[in-house]
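Asks: First, the structure itself, so that you have it in front of you.
Just so you know, all these numbers are worked out from the coordinates, no wet-lab data involved. For clarity, every value in this text was computed on a predicted model and none was experimentally measured. Glycine gets a Cβ as well: all are built from the backbone with ideal geometry, and neighbour counts include every protein chain shown.
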Amino acid sequence: MRKDGPQKVTGKAMYTVDLRLPGMLAGRILRSPHPHARILHIDASRAAHVLGVKSVITGSDTLGIKHAFVESARRYPPDQLGLAIDKVRFIGEEVAAVAAVDPYAAEEALGLIQVDYEPLPAVFDPIEAMHPDAPEIHPTHPKVREPFHNIGGKTESEWGDVERGFSQSDYIAENCFESQLRTHGYLESQATVASYELGGQLNVWTSSQGAFIKREKLARTLGLPLSAVRVQKAYVGGAFGGKIDLFSHEYCAALLSMKTSRPVKIMATREEIFTAYRHSQPLRIELRTGVKSDGTLMAQQLRVINNCGAYRGSGIVIVFLAWGFAMLPYRVQNLKYEGYAVYTNNPVRAPQRGHGAPKMRFAIESQLDMIAEELKLDPVEIRLKNARQPHEQLPNGDNVHNCGLSECIRKVADHTQFLTKYGHSRKVAASNGRFRRGIGMGVSAYFGGALIYPNSSSVIVKMNDDGTVTMLTGALDIGQGAETILSQIVAEELRLPVEEIQVMAGDTETTPVDIGQWISGGAYVSGNAAREAASRVREKLLEIAAEVMQARSEHLVVEDKSVYVKGSPSQRLSYQELVAASVRKNRGDPVIGQGHWRIMRDEPNPPSLATTKGRWSENYAFDAQVAEVEVDTETGLVRLLRAVTAHDCGFPINPLLVEGQIDGQVSMALGHAFMEEVLMKEGRTLNPSWLDYHMPCIHNLALSEHIDVITESYESGRPYRTKEVGEGYVSGILAAIGNAVYDAVGVRLYSTPFTPEKILKGLAKQRKRVDDAARD
Amino acid sequence: MLLPRFQLLQPKSIEQATELLGKHEAAARIMAGGTDVLPRMKYGLESPSYVIGLSNLPVFEPVDSDGFLLLDSLMSLTDVARSEIIRQNAFGLAEAAYAVGSYQIRNMGTLGGNLCLETRCMYYNQQHSYQFVEPCFKRNGDRCYFIPKGKQCWAVFVADTAPVLFSLDASVEVLSNGSPKRIPIDEFYTGNPLHPCTLSRQDLLVAVRIPINSGLRGTAFSKFTIRGGLEFAAINLAVVLDVQEDGSTCSNARITVGAVAATPIRLKKTESLLIGQKLSDDLFNDAGRTAADEIRPIPHHGFSASYLKACLRSLTRDALTSACSRIPRH
Amino acid sequence: MKTIIELRINDELFELLVEPQTTLLEVLRDHLALTGTKEACGTGECGACTVLINEKPKLACLLLAAQCVNMKITTIEGLADDEGLTPVQQAFLEKGAVQCGFCTPGMVLTVTALLNECPNPTEHEIKKALEGNFCRCTGYNKIVEAIHEAAARLSTASPSGR
């Protein structure tokens, strides 16, 4: 059971918004009503005079230091400011902020800030934005050779010879797939409490996915040394990728606190989150694939266009990852990839659970099924034909190690009786039945951990006098159970109950660095760091036990918070006794162990986002998923009846938590597939509420089953490779749903969401084709 | 999100309420459950100086009064859904109440509040601090964001209980400036999206009056949403079917569609298709087709008119089948 | 204009200075530091602010504090007592129905009310009772399992319901 469970079910868990400090001020942000405009002048004088207002800040009060999701001095210099200075580039962009003693005063002050804008032409569609005549949001990246406008970054990658591959193919499919703008929907709003103490220490609590990255960006943009900024943990009410990089409200809360010397809390309203915060990245995927008649993939050519929003954000990462999600689960002999991150006058984007995998796998898996049908192969055999095998080398030099993909495919097909059901609905006469069922498969792969700042996780395990343990970790629990998992690992190494491990987490001042909870590295990277730290402690305990018991450590057994000589369990020394002995005999050593882990230990640099050259991860997870759907052919509504996930997750540290992750991802996948879309028109969000943004509710619950394919194991004292379970399962289900809808009603959809209208239109076209054919 | 400041008045009786309404006129706003008024205030759509909260008023149990079912407008939607006497005599109303919002909203929201629901539009029902800043027609402005070249407002009336009352030939009891008035339900709605019901600021909706039918009758309510819960209807429908003593010839049919206009609409052409006919699946299929052709739904909340027509066809047929199955048989 | 009202929350009486527009949610979170009741949307469409008013689930973000006088208000903090966690809370923990935990207080209270009214709910009754409580983490699967578990425990429990 989760360590933080009791706190959460009793309402005692404190999230950032629950924090109150004496003298705390309420902060609010003023946002741009224009999608693209020059800021001519800001007059905040009347606002500053409102009773209760303690500070009003605009871009001119800032240091003008920029930040970004990914920053590199030469190729991708940061491009975002805490508050806009010369220009605004999306509706909702942050222009000013106030701090007041109560929210009403803050609201009043906001209304009195006078901003003179000069509106500029704006562009919202990425294809239009690329056109040489399009308004320029930012200059195209200098390394991009094509005469396109508004390119924030490009990824290109190539191996083999695609033209030769296509010429050797027996069949070539060419399609374009599009995905919609959707959003994370975390229940806990974005919120920050910042408190600047006299003496120059800035204390920050913020709802985030990694304390250390926030600290780095805050310190730099505020002009403070890292050591002056302390980011501390509060519980996090969900994030899913939307709380990673630096947000304006965090910057403003900190700056307002520095100006007023009082704590400042800023919480975004749900509407602000829907309209002005980071959503996911809509991709347009052009996919051309050549195969042999036996289904072997010969060549694949891809062009991916990302509607990146007004600043680079994570836009350049997703076009890199999209390549990764194309080359991963299947062996493709010749591949050519181009991905563009295109600026548009829309809010900045962020990764959302899967970070491109759902959209890429939807495209590739849909097309693969179409190819299979054309070649008269079944969806299972064509996947098995091309699935990566254990220890296969990937084109970028990574290795898939113990890849269990083929087993996943076979097991999920068996478990769901896939081949018996597949095609059944379409064999039955078309006029039969209002509700039609279908089954579909989707394969995906994901990575666990990757090289990005801060690049390292470290954990400290210290013994307490009474033999219990305290673990210090920079990791944050964002719902996935990080603290529980790490505690389980320590408990395994030190043979003591999880309940007797105290966890101190997520404090940049007192806990060691952690890579953060957004690269799927929790179990692998932070987990191995915890294991190492616990191993160090175990070694020390054995050493001191060996000395006291006058035995050799190989003859000692560690069990039940004590150590004894093999064969004489009644003569044991408890941890309590061992710690006391260590203090006595080792000049006060209270038994503390430190561990650390870096993914890709032998690789100095992360790969190039632009060229994909370089190794990315040593930890790849694979899965094969099946979806069973039911289509209402009268209304076009589709229900996901059942989702089965066969996953190679290495080995599950906490099966109950893993199941929870799978269930949640199935829910996100069905939302993505059927009902979620942030509707925008000319830079404005039309449905900024849960009423109109259709996040799944309990009515949409789908049966979710899973099959573990165990490809790794845990052995005490040795590094282990457990794979990620938090992000990779959205994609396979989404892809499977697309294929299942086709299986049910013979309508192939090329864009998500599969709205009822699209289904009905597809059915109408189909009827017309049948009627036309009958006439001819 | 902040509520604007106001003065809260909490009368203990209807008389006190009407007195306060008379005193403060347009500066006052009635609030029953608050599930429509308060979000509207948070979105800046209204900012009354006085809010007259009705939560202290006594609520009478549903009664049979001279062949009419009399319901207190302040009944919670949960109570409407569970009331035995309503389920016996106007099952469609219980169904409709059960379809509103969510468990919490049904506990708070009232029948009267649902009937007085303001019309809705995606562009309108949100804050306007940096989006849609220039007021639209419904906000007393001069434009429509939904149909930019349009000269009128396209907000729709989506309440679930209203179509049922149309189909049941119900009326409402209103205190207008203190004096009682009975208004047939089809006169209660104006068809004007800017001001959907005929109540003025000084009026108080006190009760709903439904004729009790002693013949062979089946009623049904249907609501189409994407998710199945916590969603206003894309389209909703209320059906009443009466049959002659033979148990299968239709003597009366009432079909009312909601959420696709500024008022619920009776589908009279479809109704006349049924009257005098023997009820059958084929008849219901025809009725579905006729219903879809009978009106032009106003597209709203992302649903197109053609899609809403397709839904109407399906919903009509299903609701008729359902109502038919509920006709008591000997 | 502020007035003093008395509210009965978790069987304790509190005297509070409120304005007419002060919501019950603000009173709980800001005046009384009972932060278990959450604000996730403020407009009644997520269920995170669910409290029990005279045993019925309602949304604190849409209740004026001044209209809650003379009512029995129960928040998440008022559920567990000396006897420990309630069967509903226990079931949520054991079945893995808690991930980020932000929806949990609202869910637990709604489920508690449901099982009080309806000790053996059908799938449909469960869905109708919980359709106003959003969860983004669990997909609702384990929440439904927890409800069945809690229902089973409550039906075999002593008459006091524990």
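Asks: Which one, B:Gly302, B:Gly247, B:Leu312, projects farthest toward the positive side of the charge dipole computed for the range B:173-330 from Cβ point charges (K/R +1, D/E -1)?
Replies: So the residue we want is B:Gly302.
Asks: Given a Förster distance of 25 Å, report the FRET efficiency between B:Lys151 and B:Thr198 from their Cβ-Cβ distance, rounded to the nearest 0.05.
Replies: 0.60
Asks: One quarter of the convex hull surface, Cα atoms only: what value does that give for the range C:87-156 in nm²?
Replies: Spelled out: convex hull of the Cα atoms, projected over all directions, averaged, 3.9 nm².
Asks: Restricting attention to the alpha-carbon atoms of the range B:1-56, what are Rg (one decimal) and Dmax (integer), both in Å?
Replies: Values for the range B:1-56 (Cα only, Rg and Dmax): 11.0, 34 Å.
Asks: Oh, and also: Which GluC sites (Glu not before Pro) does the range C:72-153 hold that lie in a coil by DSSP with at most 13 other beta carbons within 10 Å?
Replies: Counting only loop positions with at most 13 other Cβ atoms within 10 Å, the GluC sites (Glu not before Pro) in the range C:72-153 are C:Glu83.
Asks: Greater than 32 Å separation of Cα atoms is the criterion. Which listed pairs, C:Lys95/C:Lys128; A:Lys214/A:Lys336; A:Lys359/A:Lys411; A:Lys613/A:Lys758; A:Lys143/A:Lys292; A:Lys259/C:Lys72, meet it?
Replies: Pairs exceeding 32 Å: A:Lys214/A:Lys336; A:Lys613/A:Lys758; A:Lys143/A:Lys292; A:Lys259/C:Lys72.
Asks: So for the pair A:Ser60, A:Ser713, with labels modelled 7 Å out along Cα→Cβ, what separation do we get in nm?
Replies: 7.0
Asks: To make sure I understand the rule: partners must be aspartates and glutamates, Cα under 13 Å from the Cα of A:Lys681, and not fewer than 8 residues away in the same chain. Which ones qualify?
Replies: A:Asp125
Asks: Would you mind getting me the FRET efficiency between A:His424 and A:Glu381? Use the beta-carbon distance for r and R0 = 25 Å, nearest 0.05.
Replies: Calculated transfer efficiency: 0.90.
Asks: A further question follows. Based on DSSP H runs of at least 4 residues, each adding -39500 (n - 2.57), what is the mean residue ellipticity at 222 nm of chain B after dividing by all its residues, to the nearest 500 deg cm²/dmol?
Replies: Counting only the DSSP helices, I get -8500 deg cm²/dmol.
Asks: Rounded to a whole number of µm²/s, how large is the Stokes-Einstein D of the range B:51-162 at 4 °C and 1.567 mPa s, given Rh as the Kirkwood radius over C-alpha pairs?
Replies: Rounded to a whole number, D works out at 80 µm²/s.
Asks: How big is the dipole moment of the range B:1-56 about its Cα centre under a simple scheme where the beta carbon of each Lys and Arg is +1, that of each Asp and Glu is -1, and everything else is neutral? Debye, nearest 20, please.
Replies: Dipole of the range B:1-56, to the nearest 20 debye: 200 debye.
Asks: Okay, next question. Rank B:Ile14, B:Ala28, B:Leu38 by how far each Cα sits towards the positive end of the charge dipole of the range B:1-56 (+1 on Lys, Arg Cβ; -1 on Asp, Glu Cβ) and give me just the farthest.
Replies: The residue sitting most towards the positive pole is B:Leu38.
Asks: Can you tell me the 0 to 90 degree angle between the C-alpha axis of helix B:305-325 and the longest principal axis of chain B, rounded to 10?
Replies: Rounded to the nearest ten degrees, it is 60.
Asks: Would you please put A:107-113, A:597-603 in order of how densely packed they are, using the mean number of other Cβ atoms within 10 angstrom per residue and starting with the highest?
Replies: Order by mean packing, descending: A:107-113, A:597-603.
Asks: If you don't mind, there's one more thing I want to ask. Note the angle between two axes, namely the Cα long axis of helix B:14-24 and the longest principal axis of the Cα atoms of chain B, as a number of degrees from 0 to 90, rounded to the nearest 10.
Replies: With rounding to tens, the tilt is 50 degrees.
Asks: Another one. I need the Debye-formula profile for the range C:3-78: one equal scatterer per C-alpha, no solvent, reported as log10 I(q)/I(0) at q = 0.13, 0.17, 0.19 1/Å, two decimals.
Replies: Cα-only, vacuum Debye calculation for the range C:3-78: -0.30, -0.53, -0.68.
Asks: Kirkwood hydrodynamic radius of the range B:216-325 from all distinct Cα pairs, in Å?
Replies: 13.8
Asks: Right, next: Using only the alpha carbons of the range A:184-299, determine the length spanned along each of the three principal axes and report them from longest to shortest in whole angstroms.
Replies: 73, 31, 22
Asks: Same structure, new question: Just how far, in whole angstrom, is the range A:260-321 from the range B:231-296 if you go by their alpha carbon centroids?
Replies: Here the two parts' Cα centres lie 47 Å apart.
Asks: Label-point separation (nm) for A:Asp125 and B:Ser272, each offset 7 Å from Cα along Cα-to-Cβ?
Replies: 4.6
Asks: Using the Kirkwood radius over C-alpha pairs as Rh, can you work out the diffusion coefficient of chain C via Stokes-Einstein at 4 °C, viscosity 1.567 mPa s, in µm² per second?
Replies: This corresponds to a translational diffusion coefficient of 80 µm²/s.
Asks: In nm, to one decimal, how far is the modelled label at A:Arg601 from the one at B:Val59, with both set 7 Å along Cα→Cβ?
Replies: Calculated label separation equals 6.7 nm.
Asks: For C:Asn70 and C:Asp30, calculate 0.36 nm times their separation in residues minus their Cα-Cα distance, and state this gained length in nm to one decimal.
Replies: Length gained between C:Asn70 and C:Asp30: 12.3 nm.
Asks: On alpha carbon coordinates alone, what is the Rg over Rh value for chain B, Rh being the Kirkwood radius?
Replies: Taking Rg over the Kirkwood Rh, I get 0.97.
Asks: Here's a follow-up. Take every residue in peptide B:111-123, count the Cβ atoms of other chains within 10 Å of its Cβ, and give the average of those counts.
Replies: 1
Asks: Here's a follow-up. Is there a simple number for the mean count of other chain Cβ atoms within 10 Å of the Cβ of residues in A:655-663, and what is it?
Replies: Across A:655-663, the average partner-chain Cβ count within 10 Å equals 4.
Asks: Here's something else I'd like to know. Setting aside same-chain residues fewer than 8 positions from C:Lys142, which aspartates and glutamates have a Cα under 13 Å from its Cα?
Replies: Leaving aside aspartates and glutamates fewer than 8 places away in the same chain, those within reach of C:Lys142 are A:Glu659, A:Asp663, A:Glu705, C:Glu94.
Asks: Further, regarding this structure: Give me the net charge for the shell around B:Leu267: Cβ to Cβ below 14 angstrom, other residues only, Lys and Arg +1, Asp and Glu -1.
Replies: Neighbourhood net charge equals +4.
Asks: Work from the charge dipole of the range A:155-259 (Cβ charges, +1 for Lys and Arg, -1 for Asp and Glu, about the Cα centre) and give the residue of A:Ala239, A:Ser157, A:Leu181 farthest towards its positive end.
Replies: A:Ala239
Asks: Quick check on packing: order A:64-75, A:213-224 by the mean number of other C-beta atoms within 10 Å, highest mean leading.
Replies: A:213-224, A:64-75
Asks: To the nearest 20 Debye, how big is the dipole of the protein assembly as shown about its Cα centre, given +1 on the beta carbon of each Lys and Arg and -1 on that of each Asp and Glu?
Replies: 1620
Asks: While we're here: In deg cm²/dmol, rounded to 500, what helix-only [θ] at 222 nm does chain A give when every DSSP H run of at least 4 residues adds -39500 (n - 2.57) and the total is split over its residues?
Replies: Result for chain A: -8500 deg cm²/dmol, rounded to the nearest 500.
Asks: Applying 1/(1 + (r/R0)^6) with R0 = 35 Å to the Cβ-Cβ distance of A:Gln201 and A:His49, what FRET efficiency is obtained, to the nearest 0.05?
Replies: 0.70
Asks: Taking every residue in C:121-133, how many Cβ atoms of other protein chains lie within 10 Å of its Cβ, on average?
Replies: That works out to 5 on average.
Asks: Going Cα to Cα from A:Lys585, which aspartates and glutamates come in below 19 Å? Please leave out same-chain ones fewer than 8 positions away.
Replies: A:Asp465, A:Asp466, A:Glu539, A:Glu543, A:Glu547, A:Glu577
Asks: Hey, what's the Kirkwood Rh for the protein assembly as shown if you take every pair of different alpha carbons, in angstrom?
Replies: 32.3
Asks: Whole Å is fine, so just give me how far the alpha carbon centre of the range A:353-402 lies from that of the range A:126-173.
Replies: Here the two parts' Cα centres lie 23 Å apart.
Asks: Same structure, new question: With charges only on Cβ, +1 for K and R and -1 for D and E, what is the dipole size of the range B:1-157 about its Cα centre, in debye, rounded to 20?
Replies: Computed charge dipole of the range B:1-157: roughly 840 debye.
Asks: In whole angstrom, note down how far apart the Cα centers of the range A:560-637 and the range A:1-68 are.
Replies: So the separation of the two Cα centres works out to 36 Å.
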